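A quick write-up on the structure given underneath.
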Amino acid sequence: MSGHAHYREAHPLVFVITHYINLICMIMLAFSGFYIHFPFFNGFMGVARGMHFVAMYVIIINLTYRIIAAFFVKTATQLGSREVDTDIKNWLPQEENKHQLFETVKYYLFFRKEGVISAKYGSLQKIAYLATIPLTYLQAYTGFAIYGPTMNMGIFSGGLDMVGGPMNMRIIHYFMMWVFIVFTMIHAYLANIYNLNPSKIIFLWKETDH
Amino acid sequence: MAQEAHGALHDLLEVRGVTRRDFLKYCGSVAAMLGLSETMAPQIAAALEGAQKLLPALWINGGSCTGCTESIAQVDSPDVATIVLDYLSFEYFETIMATAGTQAEHNITKRVEEGGYIVIYEGSVMTGFEGRAQTAGTPDKTGLAILEEVASNALAVIAVGSCAVDGGWVKAHPNPAGATGVAAWLQKQNIKTPVVNLPTCPVNPEWIVAMVVQLLLVADRDVDKFVAATKWVTREYADEVTDASVSLLMPAGIYGQSIHDNCPRRGHFENGEFVDVLGSEQEAMGYCLYKVGCKGPQTFTQCPVTRWNRRVSWCVEAGSPCIGCGGLNWVDNNAPFLMRMSDMQLGGALGNVQPGTVGAVVGGVAAAALVAHGLGMKAAGRVGDGPPMETAKAYDRKRGAKKGGDK
Ligand code: HEM
Ligand code: HEM
Ligand code: HEM
Ligand code: SF4
Ligand code: SF4
């Protein structure tokens with residue numbers, strides 16, 4: 001929710017950086033992915049594939065680092081607070097969000113007027129952020145399964161056989177891209193719906209007091 | 001190998017006007033298909049020249065268009081492949097044999113009794129209509145029964161062409177004939193004869209030659225040795241007709257690499273130089289056919305190396321996108337042939353839909369929903385500093401009075 005201060009403790013510098021890396025990698029992957037899917041202008045395939053192949057490693061490393069860091073970096077426990085605790089606690093179910101998922105849905109569907117009490121990340125937000133973890137790894141899996149140097153490894157060739165061959169795997173990989181696009185759209189929208197202060201902190205690391 | 005071994009082969013080659021040089025070159029390409037170094041060419045040549053006996057073979061047609069027969073029956077000019085195939089003594093070959101009727105049937109029964117033969121099976125195994133989709137003349141003896149009979153005592157079955165491998169185009173959705181492949185059917189009938197799979201539609205005759213060379217000469221007709229001496233790739237697939245998971249054995253030298261990785265147009269792919277219209281100047285300049293639906297990146301055959309029609313050319317070189325005929329379930333996985341991706345067969349009113357259309361619709365709906373939602377948020381006066389916040393959770397307000405709630 002908004003109407004509260006946005007302090008650096010909410011998103012310490014390392015997470016501002018991991019967020020930038022996520023964003024830049026996603027843009028590179030989606031753009032090059034679109035291009036690989038259907039080259040809509042000439043002269044770029046080698047670069048597009050190179051871009052995809054670099055960004056895919058970077059995003060996996062970045063995500064893995066982000067997960068590990070959650071266990072030792074401290075972040076704010078509450079909205080608009082400077083009080084910090086280990087970040088992983090923000091990922092797990094929290095007392096403040098209990099019984100609020102359905103209320104949050106109602107709120108966003110305009111079935112209730114008042115904003116809902118939540119932890120730093122609301123129940124929906126938390127589900128969405130957590131879902132990106134397995135989704136990104138799944139995307140990496142489907143990607144490596146259509147990647148020449150790795151596709152013959154048992155773990156990937158087994159998956160290829162299971163989905164009925166590389167064409168189907170490419171279609172799954174392609175659909176997953178749309179899942180990420182839709183996620184990013186909703187995420188960017190919800191994060192900034194009230195005002196742009198959340199973006200000021202996550203991108204510019206600039207504090208605001210409301 | 002400068003000196004010629006004067007065997008039967010030498011005479012055959014001479015009669016047909018094939019030079020020694022052509023022959024050695026050919027043996028080199030056979031070596032490549034077998035996954036051997038091309039320096040093995042002289043050994044292969046020597047083995048071919050030294051071979052004495054013919055290997056009995058039965059060529060059985062299932063649910064086929066006879067395209068594979070057409071493909072190997074290239075007899076308009078001398079060709080090493082046809083000569084090597086002469087090492088097989090076909091005792092049954094519906095399309096080209098002179099015998100017919102009871103005599104022909106007898107050839108099968110007799111050979112099965114005696115053993116020591118291979119079966120080359122062309123076409124799908126049509127299980128529909130109680131097997132009667134493959135019956136002619138004798139209604140009690142279906143094509144299924146013939147396959148089981150010949151396979152049960154064979155040294156090996158070579159399933160030629162995609163139809164024999166997994167049902168090919170015959171099994172394309174909705175598969176009314178219940179078509180499936182030889183390996184799947186034999187597995188269901190619990191017949192353990194090894195099946196070598198040579199997909200593409202039709203089969204490339206050179207690949208049959210490679211397998212015959214391997215079985216006859218390198219492995220000395222010993223099937224165990226043949227299986228052990230050949231490098232294989234195994235493709236696993238879930239067969240819908242027999243409802244079982246089937247492992248297909250394919251020679252790795254032929255089916256181990258993608259077309260894309262050996263394609264002469266690949267440089268243009270990397271440079272981003274694509275053909276937009278078939279028959280255009282770009283096509284003639286050898287630009288890549290990816291945008292007009294080339295399935296080379298998803299298809300694993302040696303077409304660019306072996307090539308087709310006596311190694312003259314092949315699909316992509318001739319300017320046609322690969323339609324993926326060497327893959328499994330190849331029609332459903334690759335149609336429409338001129339599109340980058342296969343259609344999703346959603347059925348019903350939706351019919352066949354391109355994945356890109358689905359993606360764009362999902363993305364568009366999400367974008368529209370967010371805009372509408374944003375307008376709603378604005379109208380509800382929530383934008384700016386957000387909505388008035390609740391002081392206690394709804395849950396607590398309702399139950400809190402009585403039970404204390406969460407807090
Ligand atoms: C996370 C690890 C990822 C890996 C390992 C990976 C790998 C790959 C590979 C190997 C290809 C095929 C390139 C080629 O054959 O030239 C590919 C294509 C593609 N990738 Fe990824 N990728 C990853 C993430 C993503 C993400 C996050 C997106 C979208 C946001 C994406 C979108 C696409 C698209 C749309 C294609 C083209 C598919 C087609 O039409 O055939 N990828 N990817
Ligand atoms: C248009 C692009 C994006 C914008 C405008 C944006 C904006 C934001 C904002 C404002 C926040 C802070 C939310 C809050 O404090 O309540 C945030 C957090 C977050 N965003 Fe994004 N984001 C974008 C893209 C992405 C992408 C592509 C991903 C990952 C795939 C991502 C993952 C996250 C995560 C995991 C957080 C939680 C912060 C953390 O790591 O500790 N974002 N984003
Ligand atoms: C400016 C960008 C683009 C141009 C100029 C363009 C152009 C084309 C053209 C000319 C075709 C027809 C090809 C044929 O007849 O086989 C086509 C088909 C297709 N394009 Fe694009 N395209 C663009 C962007 C995209 C993007 C971003 C996507 C991914 C969502 C995409 C997905 C598809 C798909 C899936 C098809 C197959 C046609 C169908 O939906 O049935 N295109 N595109
Ligand atoms: S023509 Fe087909 S196989 Fe050849 S480089 Fe282009 S996409 Fe790959
Ligand atoms: S290039 Fe493709 S379509 Fe042509 S024969 Fe080979 S696998 Fe089949």
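The values are calculated or read from the model by the stated rules, or taken from the named source; none is laboratory data. In this text, all values refer to a predicted model and were calculated from it rather than measured experimentally. Cβ atoms come from the backbone with ideal geometry, glycine included; neighbour counts cover every protein chain shown. Side chains included, ligands, DNA and RNA excluded: accessible areas come from the protein's heavy atoms. Shrake-Rupley method; radii C 1.70, N 1.55, O 1.52, S 1.80 Å.
Condition check ((1) away from ligand 1 (no atom under 16 Å from the Cβ); (2) within 13 Å of chain A (Cβ to nearest Cβ); (3) of a type outside the set (Asp, Glu)) across all residues:
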| site | (1), (2), (3) |
| --- | --- |
| B:Ile259 | no, yes, yes |
| B:Glu273 | no, yes, no |
| B:Ala284 | yes, no, yes |
| B:Tyr290 | no, yes, yes |
Self-check item: Residues that are of a type in the set (Gly, Ala, Ser), more than 9 Å from every other protein chain (Cβ to nearest Cβ) and in contact with a helix residue (DSSP H, G or I) (Cβ under 7 Å, 6 or more places away or on another chain), drawn from region A:145-177
Solution: A:Ala145, A:Gly159
Quiz item: Scanning region A:148-158 for residues that are closer than 24 Å to A:Val58 by Cβ and crowded, with 17+ Cβ neighbours inside 10 Å, which turns out nearest to the chain's Cα centre (by Cα)?
Solution: A:Phe156
Practice problem: Considering each residue of region A:54-83, count those that are free of Cβ contacts under 8 Å to residues at least 60 places away in the same chain, open to solvent by 30 Å² or more (accessible area, probe 1.4 Å) and part of a helix (DSSP H, G or I), and give that number. | Solution: 8
Quiz item: Applying the selection to region B:269-282, what residues are near ligand 4 (Cβ under 10 Å from one of its atoms) and open to solvent by less than 40 Å² (accessible area, probe 1.4 Å)?
Solution: B:Phe269, B:Phe274, B:Val275
Practice problem: Would you check if B:Asn329 is more than 10 Å from ligand 4 (Cβ to nearest atom) and within 12 Å of chain A (Cβ to nearest Cβ)? | Solution: yes
Practice problem: Return a yes/no flag: does region B:359-374 have any residue that is within 16 Å of ligand 4 (Cβ to nearest atom), modelled with pLDDT of 90 or more and surrounded by 15 or more Cβ atoms within 10 Å (Cβ to Cβ). | Solution: no
Self-check item: Selection from region A:178-189 of residues that are surrounded by 17 or more Cβ atoms within 10 Å (Cβ to Cβ) and more than 9 Å from chain B (Cβ to nearest Cβ)
Solution: A:Phe180, A:Phe183
Quiz item: So which of B:Arg307, B:Arg311, B:Arg235, B:Arg266 ends up being basic (Lys, Arg), away from ligand 4 (no atom under 15 Å from the Cβ) and outside the structural domain of B:Gly123 (by TED's automatic domain parsing)?
Solution: B:Arg311
Quiz item: Of the residues that sit in region A:1-43 and are open to solvent by 40 Å² or more (accessible area, probe 1.4 Å) and aromatic (Phe, Trp, Tyr), which one is nearest to the other protein chains (Cβ to nearest Cβ)?
Solution: A:Phe38
Quiz item: Which members of region A:41-53 meet the condition of being away from ligand 4 (no atom under 16 Å from the Cβ) and part of a loop (DSSP other than H, G, I, E, B)?
Solution: A:Phe41
Quiz item: Looking at region B:13-41, which of its residues are more than 30 Å from the chain's Cα centre (by Cα) and of a type outside the set (A, V, I, L, M)?
Solution: B:Glu14, B:Arg16, B:Gly17, B:Thr19, B:Arg20, B:Arg21
Practice problem: Run down B:Thr234, B:Thr180, B:Thr242 and say which single residue is open to solvent by 50 Å² or more (accessible area, probe 1.4 Å) and at negative phi. | Solution: B:Thr234
Exercise. Residue by residue through region B:336-395, note down the ones that are assigned to a loop (DSSP other than H, G, I, E, B), more than 8 Å from chain A (Cβ to nearest Cβ) and farther than 20 Å from A:Phe180 by Cβ.
Key: B:Pro336, B:Phe337, B:Leu338, B:Met339, B:Asp343, B:Gly348, B:Ala349, B:Leu350, B:Gly381, B:Thr391
Quiz item: Quick check: is even one residue across region A:48-64 within 11 Å of chain B (Cβ to nearest Cβ), touching a helix residue (DSSP H, G or I) at 6+ places or on another chain (Cβ under 6 Å) and either at pLDDT below 95 or away from ligand 2 (no atom under 11 Å from the Cβ) (or both)?
Solution: yes
Quiz item: Could you say which residue among B:Asp224, B:Asp220 is in a loop (DSSP other than H, G, I, E, B) and open to solvent by 10 Å² or more (accessible area, probe 1.4 Å)?
Solution: B:Asp220
Practice problem: Can you tell me which residue within region A:192-209, out of those that are free of Cβ contacts under 8 Å to residues at least 40 places away in the same chain and open to solvent by 30 Å² or more (accessible area, probe 1.4 Å), is nearest to the chain's Cα centre (by Cα)? | Solution: A:Asn192
